[in-house]
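Structure first, commentary second.
The values are calculated or read from the model by the stated rules, or taken from the named source; none is laboratory data. Keep in mind it's a predicted model, so treat the numbers as computed, not measured. For neighbour counting, all protein chains shown are included, and Cβ atoms are generated from backbone atoms with ideal geometry for every residue, glycine included.
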Amino acid sequence: MFEPLALHMLFFYVYLSSRTKTVCLHFLKMQISVNMRTKRATKFLSKYEFSTRLPHPLTFLPKRRIIALCKEPEQIEACLNAGAMAAGGTDIVTRIETGGFHWDEYDDVVAHPDFLEPLHRLRKVLRNRIPTVKNGRIGENVATLVGEQQESIILTSSIIEGVPEVTQLMVTLGQLSWDIEKLNANLMAYLQALEENKSSRTNGEVVERIEVECLPCDETLLLDPAPILEAIRSRITAEKTTQLPPNDDELEEVTAVV
């Protein structure tokens, strides 16, 4: 079994066990140095910003605050029951448009396809929070979208002053008490999301360096990204292969069996 974090967990557990009684509650975090170089030596990417859902949600962190745009009373009730901070139709659109919701009061917006036209008016207000079919925030079942977006992790790389070649992503993998399989699965999910959102202009590997930490331990441990990225690319290829339509021979075989 591929367990890149096994030795790191052992080190932090032993180190913290002699210093704190709540060793299992501490967060295991990962800092990723992201390569921003392009094929032109003087040109660099600005930053990365995308979202992902982890196989093992970080339930100990606050849930994201979601506004839902839908008009049917049953949909509105379902969204509120799912945890939306606000749900409704034209009244909610008007509140967003007129500043009735402060930018810091909510984290994202999901919407029913009926709201494509009103969303066009809200584009300048919502900016990167605008729901689209591509980012998965527009759909028929708005209540399901609320639940999905509450568990989503927004990843934004931080710019390092004077170092345009690299930005940094700091993410939480889980708690030290978690099973190694869960922590490794979340690690792979973060890096797969980064690999899948990698710019086509990137020159080289998207991940330059990985450091793992677990405060209050002041030690930072390195993690070799090469074998992890290789495993992730193999998994992405396998997933794409399983999604390919059957070829003509397979179709003939199925037809013959039927």
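Overview of results
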read-out: Qualifying residue in the range 92-111 (condition: within 30 Å of ASN186 (Cβ to Cβ), assigned by the TED database to the domain that holds ARG137, surrounded by fewer than 17 Cβ atoms within 10 Å (Cβ to Cβ) and not hydrophobic (A, V, I, L, M, F, W, C)); value: yes
read-out: Of all residues in the range 185-203 being within 11 Å of the chain's Cα centre (by Cα) and among the polar types (S, T, N, Q), the one that is nearest to GLN175 (Cα to Cα); value: ASN186
read-out: Among the residues listed as LEU173, LEU222, LEU169, the single one being in contact with a Lys or Arg (Cβ under 8 Å, 6 or more places away or on another chain), modelled with pLDDT of 95 or more and either within 25 Å of ARG40 (Cα to Cα) or assigned to a strand (DSSP E or B) (or both); value: LEU173
read-out: Only listed residue being buried (at least 16 other Cβ atoms within 10 Å of the Cβ), outside the structural domain of PHE101 (by the TED database) and either within 30 Å of SER17 (Cα to Cα) or touching a residue at least 60 places away in the same chain (Cβ under 8 Å) (or both), chosen from MET170, MET188; value: MET188
read-out: Residue among ARG19, ARG37 that is in the same structural domain as TYR190 (by the TED database) and either of a type in the set (Ser, Thr, Tyr) or over 22 Å from THR156 (Cβ atoms) (or both); value: ARG19
